[in-house]
Every structure is written in structure tokens, then in C-alpha cells.
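Please treat every number below as a calculation from the coordinates, not as lab data. Because the structure is predicted, anything quoted here is derived from the model rather than measured. Here the Cβ positions follow ideal geometry from the backbone for every residue, glycine too, while neighbour counts run over all protein chains shown.
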Amino acid sequence: MVNPPRQGLEPAVRAALAARPPPVLAYVSCGPASLGRDLAELAAAGLRVDSVEPFDLMPGTGHVETLVIARSEAAVPGRGPAPDRS
């Protein structure tokens, strides 16, 4: 699970996740632009968005939290089991 500040994941964290994509990643975001950037990079590493759920935790403002669940291509049904990360 990651919950970065509005500017998104630090480059080193994106690189670490891309190098060893987890079977499932929960990403909580308050920055739509940084979320899009981060997800594009993680998609290139084999993570695919499974679901997106917005949460209006601050009614009356333009701020929305977003929960994204992404799965490794290896963990997607029909693509074989997720690799053993132990």
C-alpha cells in the first residue's frame, strides 16, 4: 500500500515498485496528475489497474481522494500465478 503526498511517489519508490511489482498494490492518492504519472510508469512495469474508487472526504471542496487497486499481470486471472516474492 502506498499513500504519497500530492506530488506522488518519489522517483526511487516508483523505480523500486517497477523493478519488483507486487502481486497487488493499493494506491491512495489526493493528486490526480501525479496518480496518472505514477500509474503510467507502473503499467509499463506490468501492473494493471483493477479498480478505481473516488472518496469525497472533504465535501464542498475540489479535493477527492482516490483508491486504486492494481495487480501484477502475473496475478491477473488467465495469466498464471503471481511470482513468489518470498
Below 8 Å between Cα atoms, with a sequence gap of 6+, how large is the relative contact order for the chain in percent? 30 percent
Calculated from DSSP H runs of 4 or more alone, at -39500 (n - 2.57) each and per residue, what is the 222 nm mean residue ellipticity of the chain, nearest 500? -7500 deg cm²/dmol
Proxy exposure order for L9, L57 (fewest C-beta within 10 Å first) is L57, L9
In nm, spacing of pseudo-spin labels at H63 and A33 (7 Å Cα→C-beta vector): 1.7 nm
So for S51, S34, S29, fewest C-beta neighbours within 10 Å to most, what's the order? S51, S34, S29
Please give the helix 32-44 orientation as an angle from the longest Cα principal axis of the chain, in degrees from 0 to 90, rounded to the nearest 10. 10 degrees
Which net charge results for the neighbourhood of T66, defined as the other residues with beta-carbon distances under 15 angstrom from its beta-carbon, given Lys and Arg at +1 and Asp and Glu at -1? -3
Neighbour-count order for T61, T66, fewest beta carbons within 10 angstrom listed first: T61, T66
Which residue, V28, V64, V49, has the most motion in a Gaussian network model of the chain that connects Cα atoms within less than 10 Å? V64
